[in-house]
Every structure is written in C-alpha cells, then in structure tokens.
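J.: I have a structure here, written as structure tokens, and I will follow up with some questions on it.
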Amino acid sequence: MIYSRIAGTGSYLPANVVTNDELARRVDTSDEWIRTRTGILQRHLADPDQVCSDLAHHASTLALDAAGIAATDLDLIIVATSTPDFIFPSTACVLQAKLGAKRCPAFDVQAVCSGFVYALDIADKYIRGGAYQRVLVVGAEVFSRILDWQDRGTCVLFGDGAGAVVLVAAEKPGVLGSVLHADGSHSGILSTPGHVRDGKVTGDPFLRMDGQAVFKLAVRVLDEVARETLALCKMEPAEIDWLIPHQANVRILDATAKRLGIPAGKTIITVDRHANTSAASVPLALDVAVRDGRIKRGHKVLLEGVGGGFTWGAALVEF
Ligand code: UT7
C-alpha cells in the first residue's frame, strides 16, 4: 500500500501588522468588541505590490526546505485560494514559475476557507493512487483585497497570509483519512458575488456575510465532519493529540473543541495573531505548532475547514 505523509511545513505572514486599535481609527469598532467577539488581536496585510503567489512562494520555500525537497523534484502543485493573482493563469502556475519548478502539473482549488483541506484530500488521493510522490499543497490568500473597509461587520475579521505543506509518498499512513462536503444552497450567507463582464466588474466585488448564520452552521458542521472523519479512521476524539479547526473565531474554535470533548489546551489557536486568513489558516496554524515544538512526529492532528460555498471538510493526519 502507498500512503501520504507530511514531510515539511511552512508559513508566511506579510510584515505589515494592523492592530484592532488602528482599525478602530478607520471604522466604527473597538479593540474590546473585536477581542471579545472573535479573539482577534491583529491581522497582517499584504503590501500593495504583493500578490497571492508572493505569499504562497514564501510559505512554499520554507515547506520545501523543511522537507528537504527541491522545487524541481515536485510532481504536482495545488494552491487553495479565493483571492488569486488573476482570473487566469492559476496562482499555482504563477507559483510554479516563481519556484523554478518546471513541467509538473499545477492547479488552483476554490473552496474558500475549506480550500486547504480540500487540496490536501486531493493530493493524498493522487499519492495513494500512485500517480505522484511529492506534492506541494498551499493555502494562500490576500483577503484584504476583497474586503469592504467601511463594513465593520466583516473588515475586522480577516487578514492575509499563506501556509504550505509538502506531502510525500510513504509506506505508513500520515493522512489517516479525510472527508469533504459542500452545500451550495447556503451560498448566500458568505460570498463575494461580483464578477467581470464586458471589461467591467459587475455586481458586488466585496465579501458579504451573515455572521450569525455562518457561526451557527460552522459550529454544527465542524462537529459533524470531525466525528465522521474519526469514525472513518476508527478513532475516538480522546485519541487526538491536536485539533486545528479553521482559524476564524476563537468562539467557534472553543465551541468545536467543547462539543467534541477535547480539552481546551489541545486546540491550536493562531487566529489571535493573524485573524481569518481563509484557505491559509489551517496550514498556518499547523506550521506554527510544528515549529514551536507542540506538534511532534507521531502526533495525531485533526485539521478542519469550513467556509463559503458552503464547504467543509476534515483530515486526520499522523504527523
Ligand atoms: O470563514 C468563516 C468566516 N466567517 C466567520 O467566521 C464569521 C462567523 N461569525 C462570527 O464570528 C460572529 O457572528 C461575528 C464576530 C461576525 C459577529 O459576532 P456576533 O456576536 O454574532 O455579533 P452580531 O452580528 O450579533 O452583532 C452584535 C452587535 C450589532 O449591534 P446591535 O445591532 O446589537 O446594536 C452589530 O452592529 O455588534 C455590532 N457590530 C460591531 N460593533 C463593533 C458588528 N460588527 C462590529 C464591530 N465593532 N466590528
């Protein structure tokens, strides 16, 4: 049997940090409101000349270094993003050129905040099927570009960033199992509904959200998909070493852990430092906890994504 395992992780946050107090000078909000409702303390915003593939490039270089794999040896590049550099070519193709990786297939996955879990599931299945041995899986976003900075209900919640893993073929399983779901009937509660037509942006090009509806749905489906994934792997919540849900809001993370009966100390939380970075949030949190030594080889980590679409999914990984 062929399995896949994570050989290296990397992440990147742009240098420009914007605190809640700084935001409160631009829009009618406060540090107190943002902190108590979301747990967010600050976000990193890309420089005007930085695009999604630049962030992805930084994170990917670190992940490749950690894995000890050269970009030229990659068999496949998958980038999960909802804020690509262009309509086309894909950000994965732009990243491939920036990395100097030649000829390997490269494509983007669009599943919004679940994008990384979707991409990991795809990469795992390619490796298990024997098609590829070394796959770069990236989540990268510049959500600051699609935020309405006058809308306090959304602009305080998001930030820019990237995270990456190198997934390689292995004799023993690293990715123990994964489950994906979507329900397009909920597309209206979280969307950026604009599009380009006849050389103009048609419709609303900003992120719009019914926060309470998203909150309720997120907590329910994160619980359901965690249980489904654990059942697939014949494991109990108590056997997990670390839980990494999509880093959207500390209240959602806490509720997810509580419903699963997982002690608070076993949840990796980084949303306080970078806000919601959509598809980048899960690999970012994973990389932080790997590099600070909390996640060690052999640990079982449950990764969970949830976001616009509506999409959700989970992957149980033995690191
Ligand atoms: O990847 C998934 C992305 N989305 C999410 O994770 C969002 C999920 N939802 C949430 O996290 C929460 O619903 C929010 C953080 C967005 C909002 O928290 P809430 O506890 O559901 O607040 P609310 O929407 O019920 O708003 C409460 C009040 C309202 O004022 P009134 O009507 O009570 O006078 C809002 O107008 O807070 C007001 N408000 C704000 N006040 C200060 C909304 N945004 C802000 C703000 N600063 N930034």
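J.: Val219 passes all but one of (1) in a loop (DSSP other than H, G, I, E, B); (2) within 11 Å of the ligand (Cβ to nearest atom); which number fails?
T.: Going through (1) in a loop (DSSP other than H, G, I, E, B); (2) within 11 Å of the ligand (Cβ to nearest atom) one by one, Val219 breaks only (1).
J.: Does at least one position in region 233-244 carry a residue that is part of a helix (DSSP H, G or I) and within 11 Å of the ligand (Cβ to nearest atom)?
T.: Going through region 233-244, the residues part of a helix (DSSP H, G or I) turn out to be 237-239.
Applying the additional criterion that residues be within 11 Å of the ligand (Cβ to nearest atom) yields none.
No: region 233-244 contains no residue that is part of a helix (DSSP H, G or I) and within 11 Å of the ligand (Cβ to nearest atom).
J.: Here's another thing I want to ask about it. Hey, can you tell me all the residues within region 97-118 that are without any contact (Cβ under 8 Å) to a residue 24 or more places away in the chain and at negative phi? Even if it seems obvious, please write down each step before you answer.
T.: The first filter runs over region 97-118 and keeps only residues without any contact (Cβ under 8 Å) to a residue 24 or more places away in the chain, leaving 97, 103.
Correct list: Ala97 only.
J.: For region 149-167, what are the residues that are within 13 Å of the ligand (Cβ to nearest atom), open to solvent by less than 30 Å² (accessible area, probe 1.4 Å) and not in a helix (DSSP H, G or I)?
T.: Looking only at region 149-167, we keep the residues that are within 13 Å of the ligand (Cβ to nearest atom), and these are 149-159.
Then drop every residue that is not open to solvent by less than 30 Å² (accessible area, probe 1.4 Å), which leaves 154-159.
Across region 149-167, the qualifying residues are Val156, Leu157, Phe158, Gly159.
J.: What number of residues within region 8-42 are in a loop (DSSP other than H, G, I, E, B) and under 23 Å from Ile252 (Cβ atoms)? Walk me through it before giving the result.
T.: First pass over region 8-42, keeping only residues in a loop (DSSP other than H, G, I, E, B): 13-15, 25-30, 39-41.
Next, only the ones that are under 23 Å from Ile252 (Cβ atoms) stay: 13, 27, 29-30, 39-41.
Final tally of qualifying residues: 7.
J.: Looking at this structure, is Ile240 under 21 Å from Leu62 (Cα atoms) and open to solvent by less than 30 Å² (accessible area, probe 1.4 Å)? If you could, list the steps in order and put the result at the bottom.
T.: Values: under 21 Å from Leu62 (Cα atoms): no; open to solvent by less than 30 Å² (accessible area, probe 1.4 Å): yes.
Spelling it out, it is not the case that Ile240 is under 21 Å from Leu62 (Cα atoms) and open to solvent by less than 30 Å² (accessible area, probe 1.4 Å).
J.: Determine whether Ser187 is out of contact with any Lys or Arg (no Cβ under 7 Å at 6 or more places or on another chain), open to solvent by less than 20 Å² (accessible area, probe 1.4 Å) and either within 25 Å of Thr91 (Cβ to Cβ) or within 16 Å of the ligand (Cβ to nearest atom) (or both).
T.: Values: out of contact with any Lys or Arg (no Cβ under 7 Å at 6 or more places or on another chain): yes; open to solvent by less than 20 Å² (accessible area, probe 1.4 Å): no; either within 25 Å of Thr91 (Cβ to Cβ) or within 16 Å of the ligand (Cβ to nearest atom) (or both): yes.
No; evaluated as a whole, the condition is false for this residue.
J.: Of the conditions (1) within 16 Å of the ligand (Cβ to nearest atom); (2) open to solvent by 10 Å² or more (accessible area, probe 1.4 Å); (3) not in a loop (DSSP other than H, G, I, E, B), Gly305 satisfies every one except a single condition; which number is it?
T.: So Gly305 meets the others, but not (2).
J.: Has region 270-284 got any residue that is within 13 Å of the ligand (Cβ to nearest atom), under 15 Å from the mean Cα position of the chain (by Cα), assigned to a strand (DSSP E or B) and assigned by TED's automatic domain parsing to the domain that holds His186?
T.: yes
J.: When you look at Ala213, is it touching a helix residue (DSSP H, G or I) at 6+ places or on another chain (Cβ under 7 Å), surrounded by fewer than 23 Cβ atoms within 10 Å (Cβ to Cβ) and at pLDDT below 95, yes or no? Show your work before the answer.
T.: Numbers: touching a helix residue (DSSP H, G or I) at 6+ places or on another chain (Cβ under 7 Å): yes; surrounded by fewer than 23 Cβ atoms within 10 Å (Cβ to Cβ): yes; at pLDDT below 95: no.
In short, no.
J.: Given the structure, is Lys125 farther than 23 Å from Leu286 by Cα and open to solvent by 50 Å² or more (accessible area, probe 1.4 Å)?
T.: Details: farther than 23 Å from Leu286 by Cα: no; open to solvent by 50 Å² or more (accessible area, probe 1.4 Å): yes.
It is false that Lys125 is farther than 23 Å from Leu286 by Cα and open to solvent by 50 Å² or more (accessible area, probe 1.4 Å).
J.: Taking region 175-184 on its own, how many of its residues are assigned to a loop (DSSP other than H, G, I, E, B) and buried (at least 19 other Cβ atoms within 10 Å of the Cβ)? Before you say what the answer is, go through the steps one by one.
T.: If we filter region 175-184 for residues that are assigned to a loop (DSSP other than H, G, I, E, B), which is where we start, we get 183.
When the remaining residues are screened for being buried (at least 19 other Cβ atoms within 10 Å of the Cβ), the result is none.
Within region 175-184, residues that are assigned to a loop (DSSP other than H, G, I, E, B) and buried (at least 19 other Cβ atoms within 10 Å of the Cβ) number 0.
J.: Do we have any residue at all in region 21-42 that's over 23 Å from Ala285 (Cα atoms) and away from the ligand (no atom under 16 Å from the Cβ)?
T.: Looking for residues that are over 23 Å from Ala285 (Cα atoms) and away from the ligand (no atom under 16 Å from the Cβ), one finds none in region 21-42, hence no.
The values are calculated or read from the model by the stated rules, or taken from the named source; none is laboratory data. All of these numbers come straight from a predicted model, not from anything done at the bench. With ideal geometry, Cβ positions are generated from the backbone for all residues, glycine too; neighbour counts draw on all protein chains shown. With ligands, DNA and RNA removed, areas are computed over all heavy atoms of the protein, side chains included. Shrake-Rupley method; radii C 1.70, N 1.55, O 1.52, S 1.80 Å.
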